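A single structure is presented below for examination.
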Amino acid sequence: MRNAAMLLRSLRRLWNNRRMARLQVLLAALCFGTTGTAQALGPDGASAVTVGAARIAVGAALLLAVQWLAGRRAAAGGPAAAPRAPRPPWSRAPVVLGALGVAGYQLCFFAAVKDTGVAVGTVVALGSAPALAGIGGWLVNRHKPQRAWAAATALACAGVALLALSGGAGGTDVSAPGVALAVGAGASYAIFTLASKRLLDQGHHVEPVMARLFGFGALLLAPVLIAGDTGWLTTTTGAAMALWLGAVPTALAYILFASGLRHLPANDVATLTLAEPVTAALLGAIVLGERPGATAVVGIIIILAGLAVLAAPRRKQTPGRVAVEVANA
């Protein structure tokens, strides 16, 4: 038992290592990418907006359960003589903004897709989020984006554009309100990312941050579930879809997302999550029998190239720069 406990602690230290942060975000993006396939396998006629609200409700409940379990483990784990670190106070602004980001993304994204189509809505939402997160981080945190981020974001957004265009029908009208809603979805995701980063930097743990933001986000979306048609939830297929969407691309994905976000700039994280459409495209081909054309394949390759640029080792820092970063940590 003692050896098993030591092995578990070693694995936990390895998983929480700064070098694992990008892998954690990429795994989160893989989970995010299962959303479309799960919806496609779900019941016909389910409202996209109520599906999004149900996903957040189930995800919030699971995240609250994870927070409770983590709190119990922490209370029962350490030596009795070890003093507990004081809990930092919760800042109201990032909590409110993060919850608004959770709710706003669901409403804006699904409304955009309905108004201007999957292709245009997806490319604008996914493509705008990294740029908006980078700009927001620059303005709010005075964190100037690095050149590697700019190059990676440009490549990844170009790849997302090719992926989206490869699945769209030619001649489809582009709706200006739909595009505005998609930008709103990208902005909501950027706001959520920056708010989460601020709370994590203040010393809050991953589990309570995600549980709090998604819990309040679920409350904001509760009227959608109350007023909308949720009859699909009473079917076996619908309940299974809601459970999967809440457990994997929400609860599990955002625990991984926040674990990586602790050690990475918000703009880097937003760019890394552009691996989501690659996962969605591959699952569409494998599970749903969709065959991506040459344009989609090129888009996937370009996205992977952008992620490789972002994941490449950084140039070795000078001692003076390291000292400044340690002092600011």
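In the range 200-213, is there at least one residue being modelled with pLDDT under 80 and buried (at least 16 other Cβ atoms within 10 Å of the Cβ)?
No.
Using the structure shown, decide if Arg84 is outside any helix (DSSP H, G or I) and either modelled with pLDDT under 90 or among the hydroxyl-bearing types (Ser, Thr, Tyr) (or both).
yes
Please list, ordered by first then second residue, the pairs with beta carbon atoms under 6 Å, 6 or more apart or interchain, first in the range 45-67 and surrounded by fewer than 19 Cβ atoms within 10 Å (Cβ to Cβ), second outside any helix (DSSP H, G or I).
From residues that are surrounded by fewer than 19 Cβ atoms within 10 Å (Cβ to Cβ), the pairs are Ser47/Gly228; Ser47/Asp229.
In addition: Any idea which of Gly36, Gly45, Gly78, Gly59 is at pLDDT 85 or above and either over 16 Å from the mean Cα position of the chain (by Cα) or not β-branched (Val, Ile, Thr) (or both)?
One residue alone meets the criteria, Gly59.
Can Gly306 be described as at pLDDT below 60, among the small types (Gly, Ala, Ser), more than 25 Å from Gln39 (Cβ to Cβ) and part of a helix (DSSP H, G or I)?
No: the conditions fail for Gly306.
Now a separate question. Where in the range 232-300 are there helices (runs of 4 or more DSSP H), lying fully within it, with 3 or more residues that are modelled with pLDDT under 90 and buried (at least 16 other Cβ atoms within 10 Å of the Cβ)?
Correct list: 266-272, 275-286.
May I pose another question? With the checklist (1) modelled with pLDDT of 90 or more; (2) outside any helix (DSSP H, G or I); (3) hydrophobic (A, V, I, L, M, F, W, C); (4) in contact with a Phe, Trp or Tyr (Cβ under 7 Å, 6 or more places away or on another chain) in hand, flag the one item Trp90 doesn't pass.
So Trp90 meets the others, but not (4).
Within the range 135-153, count every residue that is at pLDDT 75 or above and exposed (fewer than 13 other Cβ atoms within 10 Å of the Cβ).
Residues in the range 135-153 being at pLDDT 75 or above and exposed (fewer than 13 other Cβ atoms within 10 Å of the Cβ): 2 in total.
For Leu7, which of the numbered conditions (1) modelled with pLDDT under 65; (2) of a type outside the set (Val, Ile, Thr); (3) within 23 Å of the chain's Cα centre (by Cα) fails to hold?
In the conditions (1) modelled with pLDDT under 65; (2) of a type outside the set (Val, Ile, Thr); (3) within 23 Å of the chain's Cα centre (by Cα), Leu7 misses (3) alone.
The values are calculated or read from the model by the stated rules, or taken from the named source; none is laboratory data. What you see is a predicted model; the values in this text were computed from it and never measured. Cβ atoms come from the backbone with ideal geometry, glycine included; neighbour counts cover every protein chain shown.
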